[in-house]
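Encoded as structure tokens, the structure appears first; notes follow it.
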Amino acid sequence: MADRPPLPPFTRESAAQKVQAAEDAWNTRDPRRVALAYSEDSVWRNRDTFVTGRAEIVAFLTGKWQRELEYALRKDVWAFDGNRIAVRFQYESRDTEGQWWRSYGNELWEFDEHGLMTRREACINDVPIEEKQRRIHGPRPEAERGATFPLR
């Protein structure tokens, strides 16, 4: 089994690297690429959906990005300890009818010794926005890495 550094136990720096790597992967909107960061038997709770294993992760993300168009994400480390990281995030997307949304959430992550995520729990709230209110336009530019983003 190949390691996915950084590996636990996490430091402030390695937790931030792990979170930025996740943000970068999710912004590709490539379900197969994203799924490689999770263990073969990873378990998720995403809103009201429960997912187990990479195949289900790929199917879940495929459907997500068919509904959430022009998806763009920002993540920040909230806290970390040992093999766990708590993350806050925001993403923006539009639905198939053209309505833009900003989605706010928190995630709890747990990793195995190889740096693969074995557990992900996500709580997410959606707020309708107008296109002119958008703040997130594609992947994070290099100059903004490590910067937090406003709550509103």
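The values are calculated or read from the model by the stated rules, or taken from the named source; none is laboratory data. A quick note: this is a predicted structure, and the numbers were derived from the prediction, not measured. We place every Cβ from the backbone using ideal geometry, glycine too, and count neighbours over all the protein chains shown. What goes into the accessible areas is simple: the full protein's heavy atoms, side chains included, and nothing from ligands, DNA or RNA. Shrake-Rupley method; radii C 1.70, N 1.55, O 1.52, S 1.80 Å.
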### Query
Which three lengths, in whole Å and largest first, does the stretch 16-64 cover when its Cα atoms are put on their principal axes?
26, 20, 18
### Task
Compute the accessible area per residue over the stretch 1-84, keeping the other protein chains in place, probe 1.4 Å, unit Å².
55 Å²
### Relative contact order %, the chain, counting alpha carbon pairs below 8 Å whose residues are six or more apart
26 percent
### Query
Hey, any idea what % of the chain's accessible area is carbon plus sulfur with a 1.4 Å probe?
51 percent
### Summary
Sorting Phe89, Phe80 on solvent-accessible surface, 1.4 Å probe, most exposed first, gives Phe80, Phe89
### Task
Treating the angle as unsigned and between 0 and 90°, give the value, to the nearest 10°, between the Cα long axis of helix 12-28 and the longest Cα principal axis of the chain.
50 degrees
### Task
Count charges around Arg88 for me, please; just the other residues with Cβ under 11 Å from its Cβ, Lys/Arg as +1, Asp/Glu as -1.
0
### Task
Bin all alpha-carbon pair distances of the stretch 80-152 at 5 Å intervals from 0 and give each bin's fraction as a whole percent.
3, 13, 19, 19, 18, 15, 7, 4, 1
### GNM result for the chain, Cα springs below 10 Å: residue of Arg74, Arg32, Arg12 fluctuating most strongly
Arg12
### Task
For the chain, set up a Gaussian network in which alpha carbons nearer than 10 Å are linked by springs, and say which option among Ala122, Ala59, Ala15 fluctuates the most.
Ala59
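When the helix-only estimate is applied to the chain (DSSP H runs of n ≥ 4, each -39,500 (n - 2.57), divided by the residue count), what is the mean residue ellipticity at 222 nm, nearest 500 deg cm²/dmol?
Only helices count here, giving -7500 deg cm²/dmol.
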### Answer label, with percent of Cα pairs over 21 Å apart calculated from the coordinates and candidates (i) 58; (ii) 42; (iii) 49
(ii)
### Query
What is the helix-to-structure angle for 54-67, meaning the angle in degrees between its Cα long axis and the longest Cα principal axis of the chain, kept from 0 to 90 and rounded to the nearest 10?
10 degrees
### Query
Which stretch or stretches of the stretch 54-88 have amide N atoms under 15 Å from the point lying 7 Å from Asp95's Cα along the Cα→Cβ direction?
64-70
